[in-house]
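Here's the structure we're looking at; comments come further down.
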Amino acid sequence: MAKSTVHNERPLSLWRNGDYLLLWYGQIISAIGTQISDLAFPFLVLGLTHSPAQAGLVGAAGALPYLIFSLPAGALIDRFDRKRVMIISDTIRAISLGSIPLALLLGELTLFQIYLVSLIEGTFFVFFNLAEVSCLPRVVRKEQLSTVASQAEVTNSLSTLFGRSLGGLLYSAGQFLPFVVDTLSYIISVCSLFFIRVSFQEERQSSRQQLGKEIWEGIEWLWHQPLLCFIALLGCVVHIVGGGLILLVIVVTQQQHIPSVEIGLILGAGGIGTFIGAVLGGFLQKHFSFAQLTISTQWLTALLFPAFLLIPNLLWIALITSLILAVMTIYGVVQFSYRLSLIPDELQGRVNSIFRLVVFAGDPLGLALTGILLQTVGATTTILLYTGTMLLLALMASLNRHLRQVPRQQ
């Protein structure tokens with residue numbers, strides 16, 4: 001009784017929920033900092049090595065920990081205090097990232113250090129991200145999850161718009177500045193978490209099973225949800241194609257001799273697309289079924305991707321990037337709230353870790369593959385290959401019977 005009472009006392013309005021607002025505002029600032037450094041990393045590696053493949057591999061190193069640590073992290077998050085996990089994770093990320101500007105100022109930065117920082121950043125992102133997603137049903141009411149999903153994408157859009165625009169500007173002013181700003185953003189995130197009062201999980205049973213058995217419980221539960229399994233596979237392929245989008249845009253624009261400040265503005269304009277997608281996602285979810293939105297967004301992405309080849313100038317690339325991110329964001333809002341509403345609280349960490357392991361496996365694959373393809377076959381062939389992949393994905397979604405059978409209210 002006590003656990004349900006605490007949860008039901010969450011304010012009806014998100015704007016009066018101080019715990020949620022602290023979590024959200026802290027993550028807006030942290031996400032902006034992350035976008036700033038995410039843009040700076042490829043510039044930094046390209047400046048050191050002049051190799052798109054190395055830039056892609058550094059990005060892949062940051063995404064690789066999801067493949068390694070996702071399953072045990074999910075089980076551990078269901079055991080431990082989720083807030084404490086988030087605080088420790090962001091503290092370590094701040095220390096690690098802060099070593100980059102220090103090494104730059106001392107003239108001692110090496111490619112090995114960049115790889116190491118990318119790995120540390122990715123590792124503790126796994127723990128932080130899973131804990132954050134798993135705690136949301138405790139911080140807000142279940143019926144508010146679709147709104148929270150839209151606001152999470154608004155956060156992504158704002159961070160993309162401001163972070164990438166600032167990233168190019170800060171990098172032009174000094175190579176170390178983007179990493180200083182991101183370090184400070186992690187510190188702000190940690191401070192915001194200290195002031196949140198609500199518990200991030202239900203009361204835990206004192207008895208614990210073996211870690212492997214707990215992980216298997218999550219796998220077994222997800223395996224008996226055929227639609228969630230398909231959505232995870234869908235997300236993996238989308239991340240393979242979309243994971244290298246930043247690197248693809250940077251290489252294409254650099255071939256047009258566009259300076260880094262303007263490249264940052266192009267990628268920052270993608271934040272406008274993400275913002276529009278976040279707003280539309282919640283609205284469209286009330287008027288169209290989950291199946292209709294999932295299938296249509298896959299087809300739109302596939303049809304938009306080859307448009308990069310048509311008019312390779314500043315405004316056109318910014319427009320296409322924004323449109324693709326808007327469509328992807330609409331789908332992200334829809335699947336996020338659908339997924340969280342189905343998973344029991346005691347399995348949130350494990351099932352989300354398995355789901356996101358499959359999905360985010362596409363990031364290191366996509367980043368590495370994009371860098372290698374750009375260096376070996378060029379931008380045009382890379383874009384055409386990814387277009388074909390997205391067309392196949394859209395066809396698979398259209399033919400999936402489990403997807404077509406989802407009731408409208410879900």
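Counting only residues that are surrounded by fewer than 17 Cβ atoms within 10 Å (Cβ to Cβ) and either not in a helix (DSSP H, G or I) or not aromatic (F, W, Y) (or both), the range 308-318 holds 7 of them.
Identify all residues within the range 346-360 that are within 19 Å of E153 (Cβ to Cβ) and open to solvent by less than 20 Å² (accessible area, probe 1.4 Å); write none if there are none. Within the range 346-360, N352, F355, V359 meet the criteria.
Exactly one residue out of G378, G388 is open to solvent by 10 Å² or more (accessible area, probe 1.4 Å) and at positive phi: that is G378. Where residues in the range 319-345 are out of contact with any Ser or Thr (no Cβ under 6 Å at 6 or more places or on another chain), of a type in the set (G, A, S) and within 30 Å of E202 (Cα to Cα), which of them is least open to solvent (accessible area, probe 1.4 Å)? Ranking the qualifying residues of the range 319-345, first place goes to G332.
Note on the range 108-130: residues that are at pLDDT below 90, touching a Gly at 6+ places or on another chain (Cβ under 6 Å) and within 23 Å of L46 (Cα to Cα) total 1. Identification of helices (runs of 4 or more DSSP H) wholly contained in the range 130-215 with 2 or more residues that are open to solvent by less than 50 Å² (accessible area, probe 1.4 Å) and of a type in the set (F, W, Y) yields 177-194. For the range 280-300, enumerate the residues that are touching a helix residue (DSSP H, G or I) at 6+ places or on another chain (Cβ under 7 Å) and among the hydrophobic types (A, V, I, L, M, F, W, C). L280, L284, F290, A291, L293, I295, W299, L300 - these are the residues of the range 280-300 that are touching a helix residue (DSSP H, G or I) at 6+ places or on another chain (Cβ under 7 Å) and among the hydrophobic types (A, V, I, L, M, F, W, C). I need the full set of residues from the range 227-259 which are open to solvent by 30 Å² or more (accessible area, probe 1.4 Å) and assigned to a helix (DSSP H, G or I), in order please. Hits for the range 227-259 are C229, L233, V237, H239, I240, I246, Q254, Q255. In the range 51-108, the qualifying residues are those that are open to solvent by less than 20 Å² (accessible area, probe 1.4 Å) and among the acidic types (D, E), and the one that is nearest to I250 (Cα to Cα) is D90.
Among residues of the range 270-307 being small (G, A, S), under 20 Å from the mean Cα position of the chain (by Cα) and closer than 23 Å to Q405 by Cα, the one that is least open to solvent (accessible area, probe 1.4 Å) is G281.
Among the candidates A73, A94, A60, the residue that is over 29 Å from T382 (Cα atoms) and modelled with pLDDT under 90 is uniquely A73.
Residues that are more than 20 Å from the chain's Cα centre (by Cα) and farther than 18 Å from G26 by Cβ do not occur anywhere in the range 58-71.
You will find that of S30, S37, the residue that is assigned to a helix (DSSP H, G or I), modelled with pLDDT of 85 or more, of a type in the set (S, T, Y) and touching a Gly at 6+ places or on another chain (Cβ under 8 Å) is S37 and no other. Of all residues assigned to the range 127-146, none qualifies as being small (G, A, S) and without any contact (Cβ under 8 Å) to a residue 12 or more places away in the chain. Just to be sure before I move on: is F69 aromatic (F, W, Y) and touching a residue at least 40 places away in the same chain (Cβ under 8 Å) in the structure I sent? Here the answer is yes, as F69 does meet what is asked.
The values are calculated or read from the model by the stated rules, or taken from the named source; none is laboratory data. Just so you know, these numbers come straight off a predicted model, no measurement behind them. Glycine also receives a Cβ, built like all others from the backbone with ideal geometry; neighbour counts cover every protein chain displayed. Note: areas computed on protein heavy atoms with side chains; ligands, DNA, RNA excluded. Shrake-Rupley method; radii C 1.70, N 1.55, O 1.52, S 1.80 Å.
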